Amino acid sequence: MRFIADFHLHSKYSRATSKDMEVETLGRWAKKKGIALLGTGDFTHPVYYADLKSKLVPSGNGLFRLRKGDEGVRFILTTEVSNIYSQGGKVRRIHSLIFAPSFEAVEKINSKLGNLGKLSSDGRPIFGFAAKELVKMILDISEDCLIVPAHAWTPWFSIFGANSGFDSIEECFEEMTPHIRAIETGLSSDPEMNWRLSSLDAIALISNSDAHSPNRLGREANGFDCELNYQEVVDVLRKKDRKRFLFTIEFFPEEGKYHYDGHRQCGVIFSPSETRSHQRLCPKCGKRLTVGVMHRIEELSDRQEGFVPKNAIPSIHLIPLEEVIAGGLGVRVGTKAVEAEYDRMVEKGGSEFHILLDAAPDELASFVPPGILDGIIRMRQGKVSIVPGHDGVYGKINLFPEKREEREFKRQLKLF
């Protein structure tokens, strides 16, 4: 069975998230997106876990479905935790995803972690012990669990982050390294960037939305062709099975908010070479620059840009449909015009992913306005203009640079 999965998201009990991040709303949005398997997120939070228990029922294969309003979407029990601790004379801040096969396993995990930290403080709880201890603890509870380093290159909270990470999986997880079979590449990197590290050749590179609001679901995701059950999905990831793990869906990584180096307060955006030439200091204020993902990959890579490993799983770069519509209409994302057009197109086209990935231009032309159709075709061809993200600021992506120039020209005329 071919399907799309998004494993990493947060509930309304995490900081800076929408109040709509609860499973029934998530199920409706997953159907709009074309996502068949969705992580629950935040199963460690006691109130949200009670919601999961009351609103989800087992589907008999380690996955779950909605008790009411089953949208054809299946849920997999997932959460993200934060470990902040000292190792090697440096403070480490590592975020990890945990996959669990059952409510029974989750209850044991929550009981154990609840003795070591305050689970109710946030959907992503913080602990003071090492990441390798987390792996041992979770696998002692259930060998069917899977632990995946989250957004692996983010500067502040990740395994390879420039400010608090490590230089290798082995340095972080030591004797527990054999149990790390996948990493999440994050919004600011893509598989092509990770292919430059030969040490990751045997590691499955997964991509997820890390959504904090329902419309962000699927901005990154994973394509599978396997049985829709827990053990099968985990087995695919552990073995990095190219026959069953088909592709990842990616942001254009330049759009991620830590792709390039920079200092947002001063508006400085630097490539790695520019950062090195300035000794990692902001030329305007003299403070240290935030070193981004591209720079960090260059530091750790042992291959040239463009290298493709033999066992590489392909990726597909997309722009969320709302952004394509906004560009085609010449308005901002989040306006009522964009929301109305999005709902109309999804109703006609079946799902966002069918529109962006699979539908032929002739099919799209029957219900997609010409300007928006042009944007979809440009996106598929990779014809985009991007100002890279940096220091926590998302990159600015543009499918219609000529429209922007025209609007700017008209604005200047008006001012004149």
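The values are calculated or read from the model by the stated rules, or taken from the named source; none is laboratory data. In this text the structure is predicted, and so the values were computed from the model without any measurement. Quick reminder, even Gly has a Cβ in these numbers, built from the backbone with ideal geometry, and neighbours come from all protein chains shown.
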- prompt: Since Ile94 meets every condition but one in (1) within 30 Å of Gly128 (Cβ to Cβ); (2) touching a Ser or Thr at 6+ places or on another chain (Cβ under 6 Å), which condition does it not meet?
  reply: (2)
field: Those residues of segment 184-205 which are part of a strand (DSSP E or B) and surrounded by fewer than 24 Cβ atoms within 10 Å (Cβ to Cβ), in sequence order
entry: Ala204
field: Selection from segment 330-380 of residues that are modelled with pLDDT of 95 or more and not in a helix (DSSP H, G or I)
entry: Thr335, Gly350, Ser351, Ala359, Ala360, Ser366, Phe367, Val368, Pro369
task: Inspect segment 120-141 for any residue being in contact (Cβ under 8 Å) with a residue 12 or more places away in the chain, more than 26 Å from Asp235 (Cα to Cα), touching a Phe, Trp or Tyr at 6+ places or on another chain (Cβ under 9 Å) and among the acidic types (Asp, Glu) and give the result as yes or no.
output: yes
message: Against the definition (assigned by TED's automatic domain parsing to the domain that holds Phe43 and either crowded, with 18+ Cβ neighbours inside 10 Å or farther than 24 Å from Val236 by Cβ (or both)), how does Pro178 come out, yes or no?
response: no
message: Filter segment 243-267 down to the residues that are part of a loop (DSSP other than H, G, I, E, B) and among the charged types (D, E, K, R) and list them by number.
response: Lys243, Arg244, Lys257
message: Please verify whether Ile76 is in a loop (DSSP other than H, G, I, E, B) and either modelled with pLDDT of 95 or more or in contact with a Ser or Thr (Cβ under 8 Å, 6 or more places away or on another chain) (or both), treating the condition exactly as stated.
response: no
message: I'd like to know if segment 270-278 contains one or more residues that are outside any loop (DSSP other than H, G, I, E, B), over 24 Å from Val23 (Cα atoms) and in contact with a Leu (Cβ under 9 Å, 6 or more places away or on another chain).
response: yes
- request: Could you identify the single residue in Leu237, Leu228 that is assigned by TED's automatic domain parsing to the domain that holds Lys33, in contact (Cβ under 8 Å) with a residue 40 or more places away in the chain, of a type in the set (A, V, I, L, M, F, W, C) and assigned to a helix (DSSP H, G or I)?
  value: Leu237
Neighbours by Cβ (under 7 Å, 6+ apart or cross-chain): first from segment 361-390, in contact (Cβ under 8 Å) with a residue 60 or more places away in the chain; second among the small types (Gly, Ala, Ser): Ile386/Gly395; Val387/Gly395; Pro388/Gly395; Gly389/Ser188; Gly389/Gly256; Gly389/Gly395; His390/Gly262; His390/Gly292
statement: Restricting segment 122-166 to residues that are surrounded by 21 or more Cβ atoms within 10 Å (Cβ to Cβ) and among the hydroxyl-bearing types (Ser, Thr, Tyr), the one farthest from the chain's Cα centre (by Cα) turns out to be Ser158
Residues satisfying the stated conditions in segment 281-296, i.e. without any contact (Cβ under 8 Å) to a residue 60 or more places away in the chain and crowded, with 16+ Cβ neighbours inside 10 Å: Cys282
Yes/no for Gly262 being crowded, with 21+ Cβ neighbours inside 10 Å, assigned by TED's automatic domain parsing to the domain that holds Arg15, of a type in the set (Gly, Ala, Ser) and touching a residue at least 40 places away in the same chain (Cβ under 8 Å): no
message: Tell me yes or no: at least one residue of segment 85-105 is touching a Phe, Trp or Tyr at 6+ places or on another chain (Cβ under 9 Å), acidic (Asp, Glu) and either farther than 19 Å from Pro46 by Cα or free of Cβ contacts under 8 Å to residues at least 60 places away in the same chain (or both).
response: no
- prompt: Got a sec? Which of Phe7, Phe64 is assigned by TED's automatic domain parsing to the domain that holds Glu232 and either closer than 21 Å to Gly186 by Cβ or surrounded by fewer than 19 Cβ atoms within 10 Å (Cβ to Cβ) (or both)?
  reply: Phe7
